[in-house]
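Working notes for the structure below.
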Amino acid sequence: MSQTLTTKSHHLSTEQQRMIHCIRLLGDLLKERPRRSVYRRFAMEQNWPSPESIIRQFGSWAEALAIAGYEWHGEATVELPDKMPKYTREDIIETLALYSRDMGSIITLKKYQQWRKLHPKAPSHYHIVKTFGSWHDACAEAGLEASVTYSKTELSNALREAIQEMGFSLSFEAYREWAKRNNKPSTKAILHRYGSWSAAVHAVESELYNSNS
């Protein structure tokens, strides 16, 4: 597989750039050219644009992949999921327990990927999500705390941006829809960091009020 970047990405709309960004994120995660069926599973969990939306924007899945920088030589073949190593739920729980012994009880996808470089036979994020339905469900069953990957500054900046765009007294539902459209931290990440929606909004609105007074 040969991955190259294309200058077409410089002429994309904001929504198209987000789509290409999601494809590249998955490609980096899987270390291979993302297949549409695999992308669909991640899109549902991560609130990414659907493959159908991407095809409407770019004309075809192949064209979107090409713009994302993925090109295949003619002789290249795709490794299908059913040919990948098989992992049972017990295998994954044992792997996460090993991670816990090495890294502690708090886990993030980034930390797991770094740890997996030292344990290449460990199941990938794809296998874990496919087996348990979601990353958080797998971590919970293994007794691990799936920590948010955003700093408090990143979360407050996202809230500040949303409030400045939509006004004070920002509702939970309004932010959730805004975050989906703009690929911002989820409401779950904010609640995990602040404890409650009202506490998060109050903290950021107070900062805005004080900075404007």
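The values are calculated or read from the model by the stated rules, or taken from the named source; none is laboratory data. Small disclaimer: the values here were computed from a predicted structure and weren't measured. Don't worry about glycine lacking a Cβ; one is built from the backbone with ideal geometry, like all the others, and counts go over all protein chains shown. SASA here: full protein model, heavy atoms, side chains in, ligands and nucleic acids out. Shrake-Rupley method; radii C 1.70, N 1.55, O 1.52, S 1.80 Å.
Take the Cβ-Cβ distance between LYS152 and LYS86 as r, set R0 to 45 Å, and report the resulting FRET efficiency rounded to the nearest 0.05.
Between LYS152 and LYS86 the formula returns 0.65.
How much of the accessible area of region 89-186, probe 1.4 Å, is carbon plus sulfur, in whole percent?
For region 89-186, the apolar C and S fraction of the accessible surface comes to 49 percent.
What's the extension gain from LEU98 to LEU208 if we count 0.36 nm per residue and subtract their Cα-Cα distance?
Full extension of this stretch gives 35.2 nm more.
Starting from the 7 Å offset along Cα-to-Cβ, what nm value, one decimal, do you get for the label separation of LYS31 and GLU173?
For the pair LYS31/GLU173, the computed spacing is 4.5 nm.
Assuming 0.36 nm per residue, please report the length gained on full extension of the stretch SER196 to SER13 beyond their Cα-Cα distance.
Gain on stretching SER196 to SER13: 62.4 nm.
Could you tell me what fraction of 2.2 N^0.38 Å the Cα radius of gyration of region 81-213 comes to, as a two-decimal ratio?
This ratio for region 81-213 stands at 1.30.
Show the residues, 5+ positions off or on another chain, whose built amide H is closer than 5 Å to the amide H of ALA146.
So ALA146 has HN proximity to ILE107.
Collect residues whose amide H, placed 1.01 Å from N in the peptide plane, falls under 5 Å from the amide H of TYR70; neighbours closer than 5 in sequence don't count.
THR4
For region 87-213, with every protein chain kept in place, what is the accessible area per residue (1.4 Å probe, Å²)?
Using a 1.4 Å probe on heavy atoms only, each residue of region 87-213 averages 56 Å².
Using the Karplus curve 6.51 cos²θ - 1.76 cosθ + 1.60 with θ = phi - 60°, work out ³J(HN,Hα) for each residue of region 88-100 in order, rounded to whole Hz, and write x for Gly and Pro.
With coefficients 6.51, -1.76 and 1.60, one gets 7, 4, 5, 4, 5, 4, 5, 5, 5, 5, 5, 4, 4 Hz.
Going down the table (LYS86/LYS110; LYS121/LYS180; LYS130/LYS152), which pairs top 27 Å between alpha carbons?
LYS121/LYS180; LYS130/LYS152
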